[in-house]
1. Taking the Cα centre as origin and putting +1 on Lys and Arg beta-carbons and -1 on Asp and Glu beta-carbons, what dipole magnitude results for the range 1-132, to the nearest 20 debye?
2. How many angstrom lie between the Cα centre of the range 98-163 and the Cα centre of the range 294-312?
3. Calculate how many DSSP beta bridges within the chain are antiparallel, expressed in % of all such bridges and rounded to the nearest 5.
4. When Lys and Arg each count +1 and Asp and Glu each count -1, what net charge do the other residues less than 10 Å away from residue 144, Cβ to Cβ, add up to?
5. Can you give the helix-only mean residue ellipticity at 222 nm for the chain, where every DSSP H stretch with n ≥ 4 adds -39500 (n - 2.57) and the sum goes over all residues, rounded to the nearest 500 deg cm²/dmol?
6. Starting with the fewest neighbours, write out 253, 268 ranked by other beta-carbon atoms found within 10 Å of each beta-carbon.
7. Placing +1 at every Lys and Arg Cβ and -1 at every Asp and Glu Cβ, with all other atoms neutral, what dipole size does the chain have around its Cα centre, in debye to the nearest 20?
8. What percent of all Cα-Cα pairs in the range 63-135 falls into each 10 Å bin, going from 0 up to the bin containing the maximum distance?
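None of the figures in this text is laboratory data; all of them are computed from the coordinates on show. Treat the numbers as computed from the prediction; the structure is a model and nothing was measured. Note that we place each Cβ from the backbone using ideal geometry, even for glycine, and neighbour counts take in every protein chain shown.
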Amino acid sequence: MTRSVIAGTGGYLPVRALTNDELAEAYGLDTSDAWISERTGIRRRHMAAPGETTADMAAAAAREALAQAGADAAEVDAIILATATPDSAFPSTATRVQEKLGIRQGFSFDISAACTGFIYALGVADSMIRTGHCRSALVIGAEAFTRILDWTDRGTCVLFGDGAGAVLLRAEGGEGDRGILSTHLHSDGRHGDILQVEGGLVRMAGREVFRHAVAKLASAVDEALAANGLAQADVQWLVPHQANRRIIDAMGRKLGLPAERVVVTVDRHANTSAASIPLALAEATRDGRVARGDLVLMEAIGGGLTWGAALARF
Ligand code: COA
């Protein structure tokens with residue numbers, strides 16, 4: 001049976017980082033570090049430099065994923081890139097990355113599923129590998145989210161940041177149990193207006209989103225475990241979408257995981273939308289926390305509403 005194995009991970013954060021106080025000062029916001037950090041866990045975020053594109057950040061993350069996998073451009077035959085902040089409607093950000101990496105074969109396209117984008121991209125890439133459309137795929141989440149924030153709306157502009165993360169998936173046959181075990185994708189368009197881009201800027205009914213988040217994430221996680229005949233106790237790492245520390249902690253408690261088994265970056269990255277999970281994965285593989293053979297559970301919710309979960313053995 002063909003499986004998609006995560007052969008490498010990579011992440012990129014723009015150089016400029018702003019603390020909550022620096023952000024409030026820079027944009028003249030009536031807020032405080034105490035308000036933001038108590039309610040969200042966010043302490044700082046990175047911001048793309050002027051002229052630094054979503055594709056630039058994505059390519060940097062992809063290069064690290066390729067290097068970690070010991071792969072070169074000639075091996076990649078698909079690029080699937082999740083973003084809510086593409087550099088243009090077309091060409092897709094994925095084809096811009098293809099060009100930047102000097103990849104001359106295969107296909108590339110973008111996926112729009114807001115903060116759930118990486119889980120969606122992973123699901124699509126895994127299906128395409130299993131069905132023989134490609135043998136390897138760069139799966140990328142990349143966002144220049146600070147470009148679509150309303151800097152007069154303190155309820156949203158303090159929550160997001162920029163960055164990119166990537167994984168290289170490789171087809172592997174045989175009896176091994178490494179790879180993506182399953183992905184579970186959901187959406188419900190009835191809730192589209194509680195988290196949306198309107199007039200080019202993010203609008204959010206924060207409390208409404210919060211209300212949906214824990215219930216929908218919990219149900220996606222249960223679905224993923226049941227589909228694989230696994231129990232909560234089998235999960236070694238939770239790598240959740242990084243929107244809000246309170247949502248992350250609630251999911252960790254639900255799974256009965258000690259805090260040190262939950263990968264958290266929201267304090268330093270804020271919410272980087274589709275980039276948050278692959279950025280967290282890159283950090284946790286780079287520092288040796290997530291190691292070969294570990295069972296990793298990923299989950300996310302975002303505008304759409306979209307939500308989902310994925311289980312992978314590293
Ligand atoms: N600083 C200071 N005060 C702020 C503020 C800020 N950055 N943002 C909002 N407030 C104020 C509001 O104006 C409001 O004041 P009022 O009572 O005088 O009208 C008060 O704080 C409460 O606002 P509310 O939006 O109800 O706050 P909340 O407790 O729900 O917290 C969020 C707001 C955004 C932190 C919270 O709703 C949340 O985390 N939601 C989930 C968001 C999320 O995860 N989205 C991404 C999903 S991918």
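1. Once rounded to the nearest 20, the dipole reads 360 debye.
2. 14
3. Roughly 75 percent of the DSSP beta bridges within the chain come out antiparallel.
4. Taking every other residue near residue 144 into account, the sum is -4.
5. After summing the helix terms and dividing by residue count, I get -10000 deg cm²/dmol.
6. Ordered by Cβ neighbours within 10 Å, fewest first: 253, 268.
7. So the magnitude is around 380 debye.
8. Distribution as computed: 20, 49, 31, 0 percent.
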